[in-house]
Amino acid sequence: MKIYLDNNATTRIAPEVLDAMLPFLTERFGNPSSFHSFGSDQMEDIEAAREKVAALLGAHAEEIVFTSGGTESDNMALLGAMKINPLKPGLVTSRIEHPAVLETAEYIKSKGHPVGLAEVNSNGTLNMDSLESCISEQTGLVSIMMANNETGLIMPVAEAALIAHERGALFHTDAVQAVSKIPVDVRSSGIDMLSISAHKLHGPKGVGALFIRKGIEIPPFMLGGHQEKGMRAGTYNTAGIVGLGVAASLAVRHLSEENGRTGLLLERLEGGILEKCPGAVIVGADVERLPNTATVLFRGVESEAVMTLLDMEGICVSSGSACSSGDGSSSYVLSAMGIDAVDANTALRFSLSRYTTGREIDCVLEVLPPIIEKLMEISPYA
Ligand code: PLP
C-alpha cells in the first residue's frame, strides 16, 4: 500500500471520471470530426464537457479551448499574446513560474522582445513594486501563476490583473495548481486567459484547457486542422476531454467541503512535524497557501535521503525542486525567496488530495520523525 502525498505532481483519476471516459476508449471510438453520426455524435459530449469546465472557472463555454494540458495552454497564451500587437510583444512574468511559462518567456526574449521577471518577497508573496517596475509600454501580457506548485503559495492574481490592465496589457494566469483547491472566477478576478490541466484535479493526463476571454483574438498555436474553431488543430481527445469535464464538475461539487477536510489534514501534518521534528520550518507558514500543500525545510538533512527512506516505507513525497528531476540544481522557487541552496536542498513537499486519509497522515507522522532524527545524527551540516 502506497501513501501518496505527491498530488501536486499528479493525482489519481476519480472513479467517476474513469467511468465516463471508458466508452470513448472502447465502443465509442469514432472521430468527432467525421460526417457520420458514429463520430459526430461525440461533439455533444465534448460540448457538455466544455460547459462543465466553463462552470468551474466562471466562464462561458465558448471561451474554453481544449489543449493537451497545462504546458500547451501556457505556451498558447504566451506565444499568442506575443503576436497580437506588434507594438506590444513583451511579456512580464515572475521568477517562480512553472518552466512551461519560464522557458516560453526565454523563447520570447530570444526573439528580441522585452521580458521582465518580477521578484517575490522573502515570504514568497509577489513583490508588487517589482511587478509594476517590470511593465513597460511594450508589455502586451502579464502572466502570474495563481498558486505555486512547489510551495502552494497563492499569488494576488486579481491585483496583478488590475495593474496589467491599467498599463494596457492583458493578463494570463497559470491556474494549473489552483483550480479545484481554491475558488476561481475569471470575471471577478479580471483574468483574460487562464491555463488548467486535468491530471491535477483527478482527471486524466494529456488534456487541459485554456480560457480565452471573449473578444481576445490570439492566433492559433497548433496548425493543421479545423478543430476548436481552428484554434487548436488535432483530432479530439474525446475520452480525455470528457474526463476533464467530469473532473471539473466534481471539483465544483466538492470544492468547499473537500478543501476544508484537506486543510484540516494538512494542519495535522504540519502540527505533528513541528512537534516531532525540532528545527523544521514550514515555507510560507504565515501567508495564504493552498489547503493541500506544505513545503518543509528539515535543515541539516538532504531531502533526497529522506525521500529515498520514505519511499522504502511506501510513502511518496517530493523535494519539489529541480533536483527531483535529476539535474542536481536546487529549487529556483526557494532561491527566489532568498533561501540558500543548502537549505533549499532540505525541502520536502507534501501535497494532499481528496483521497488522503487521517490514518495516512498519522502513519507519516510515525515514520518520518525517526528518519529525520537518524539522518541528523550523521549529517555534516547539523
Ligand atoms: N503549470 C504548473 C503550475 C504546473 O504545476 C504544471 C505541472 O506540474 C504545469 C503547468 C504543466 O502542466 P501539464 O503537466 O499538464 O503539462
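Pick out, from the range 29-137, the helices (runs of 4 or more DSSP H) lying fully within it that include 1 or more residues that are within 16 Å of the ligand (Cβ to nearest atom) and surrounded by 20 or more Cβ atoms within 10 Å (Cβ to Cβ).
Ranges flagged: 42-57, 70-84, 99-110.
Total residues in the range 158-199 satisfying the condition of being more than 13 Å from the ligand (Cβ to nearest atom) and open to solvent by less than 10 Å² (accessible area, probe 1.4 Å): the figure is 9. Right, Leu290: touching a Phe, Trp or Tyr at 6+ places or on another chain (Cβ under 8 Å), outside the structural domain of Ala175 (by TED's automatic domain parsing) and open to solvent by less than 40 Å² (accessible area, probe 1.4 Å) or not? So Leu290 fails the test. Counting only residues that are among the charged types (D, E, K, R) and within 20 Å of Gly230 (Cα to Cα), the range 6-62 holds 7 of them. Taking the stated definitions as given, is Ile191 among the aliphatic types (A, V, I, L, M), assigned to a loop (DSSP other than H, G, I, E, B) and free of Cβ contacts under 8 Å to residues at least 40 places away in the same chain? Spelling it out, Ile191 is indeed among the aliphatic types (A, V, I, L, M), assigned to a loop (DSSP other than H, G, I, E, B) and free of Cβ contacts under 8 Å to residues at least 40 places away in the same chain. Within the set Thr71, Thr104, Thr67, the sole residue that is touching a His at 6+ places or on another chain (Cβ under 9 Å) and of a type in the set (Ser, Thr, Tyr) turns out to be Thr71. Of all residues in the range 202-237 being of a type in the set (Lys, Arg) and over 22 Å from Pro15 (Cα atoms), which is farthest from the ligand (Cβ to nearest atom)? Out of the qualifying residues, it is Lys214.
If the condition is being open to solvent by 20 Å² or more (accessible area, probe 1.4 Å) and away from the ligand (no atom under 16 Å from the Cβ), then the range 4-28 contributes Pro15, Glu16, Leu18, Asp19, Ala20, Leu22, Pro23, Phe24, Leu25, Thr26, Glu27, Arg28.
For the range 111-144, give me the residue count where each residue is in contact with a Cys (Cβ under 8 Å, 6 or more places away or on another chain) and closer than 15 Å to Ala81 by Cβ. Break it down stepwise before answering.
Initial filter on the range 111-144 (in contact with a Cys (Cβ under 8 Å, 6 or more places away or on another chain)): 116-118.
Now narrow it down to the ones that are closer than 15 Å to Ala81 by Cβ: 116.
Counting residues in the range 111-144 that are in contact with a Cys (Cβ under 8 Å, 6 or more places away or on another chain) and closer than 15 Å to Ala81 by Cβ gives 1.
The values are calculated or read from the model by the stated rules, or taken from the named source; none is laboratory data. Nothing here was measured: the structure is a model prediction, and the numbers come from that model. All Cβ positions, glycine included, derive from the backbone under ideal geometry; neighbour counts span all protein chains shown. Heads up: the accessible areas ignore ligands, DNA and RNA and are worked out on the full protein's heavy atoms, side chains in. Shrake-Rupley method; radii C 1.70, N 1.55, O 1.52, S 1.80 Å.
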